[in-house]
Amino acid sequence: MKRTALTVAVVACAASLSACSFSFGGTLSADDVEDAVVEEFDPLVGVDSQEVSCDDIDAEEGATGACTVTYGEEEYDVDVEVTEVDGADSRFEMTPPEAIPGYATADSIADLVNGRLTELVGYAPDDLTCPYDVPGVVGATTVCTLTDDGVELDVDVEITAVEGQTFSLDIEVAEQPND
């Protein structure tokens with residue numbers, strides 16, 4: 001598996017790229033930190049983590065701990081730091097990265113799907129759009145919209161393999177037009 005150093009990403013703070021804090025009572029058990037990593041990181045990545053493993057962290061200001069979270073075949077190192085201790089309450093901080101490695105942009109997915117469909121049917125559809133970027137991990141999905149001759153169809157796209165910045169896609173065009 002490929003290991004990539006990465007601080008934990010937090011959906012609520014991803015837009016501002018600032019640090020976020022979370023409160024837990026008493027010591028920060030590995031289970032508490034793992035739950036927080038899954039709750040905050042999985043939605044940003046777009047797929048469920050296969051495995052999360054964290055250290056127990058001392059409930060002392062400045063204490064740090066490490067986690068490893070696995071998405072597809074990629075392992076990410078996650079750093080967590082205790083920022084405040086007030087009696088039984090401990091707050092820890094997770095700083096989102098500037099970008100998660102291996103993202104496939106919506107435009108690049110649309111280009112790949114458009115190219116593949118053109119090869120299959122012999123011409124390009126009138127329009128093909130994908131709504132958002134997709135993390136480059138096996139199992140990540142999106143639904144694009146194909147428009148041809150005024151008819152809209154959903155196109156399900158799933159990343160089936162990742163090698164560096166190259167993604168293999170499984171593409172399935174809906175049999176029935178959108179309403």
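When Thr105 is tested against (1) surrounded by 14 or more Cβ atoms within 10 Å (Cβ to Cβ); (2) closer than 30 Å to Val69 by Cα; (3) among the β-branched types (Val, Ile, Thr), just one condition goes unmet, and that condition is (1). Listed here are the strands (runs of 3 or more DSSP E) enclosed by the stretch 57-116 that have at least 2 residues being modelled with pLDDT of 85 or more: 64-71, 74-86.
Filtering the stretch 143-157 down to residues that are of a type outside the set (D, E, K, R) and more than 26 Å from the chain's Cα centre (by Cα), which residue is farthest from Glu175 (Cα to Cα)? Working first, answer last.
Filtering the stretch 143-157 down to residues of a type outside the set (D, E, K, R) leaves 143-147, 150-151, 153, 155, 157.
With more than 26 Å from the chain's Cα centre (by Cα) added as a condition, the list becomes 147, 150-151.
Working: Thr147: 13, Gly150: 15, Val151: 12 Å.
Ranking the qualifying residues of the stretch 143-157, first place goes to Gly150.
Check the stretch 120-128 and report whether any residue there is closer than 13 Å to Ala106 by Cα, assigned to a strand (DSSP E or B) and either at pLDDT below 90 or of a type in the set (S, T, N, Q) (or both). Among the residues of the stretch 120-128, not one is closer than 13 Å to Ala106 by Cα, assigned to a strand (DSSP E or B) and either at pLDDT below 90 or of a type in the set (S, T, N, Q) (or both), which makes the answer no. Scanning the stretch 129-179 for residues that are assigned to a loop (DSSP other than H, G, I, E, B), hydrophobic (A, V, I, L, M, F, W, C) and modelled with pLDDT of 90 or more yields a total of 2.
The values are calculated or read from the model by the stated rules, or taken from the named source; none is laboratory data. The structure displayed is predicted, hence computed values, not measured ones. Please note: Cβ atoms are built from the backbone with ideal geometry, for glycine as well, and neighbour counts cover all protein chains shown.
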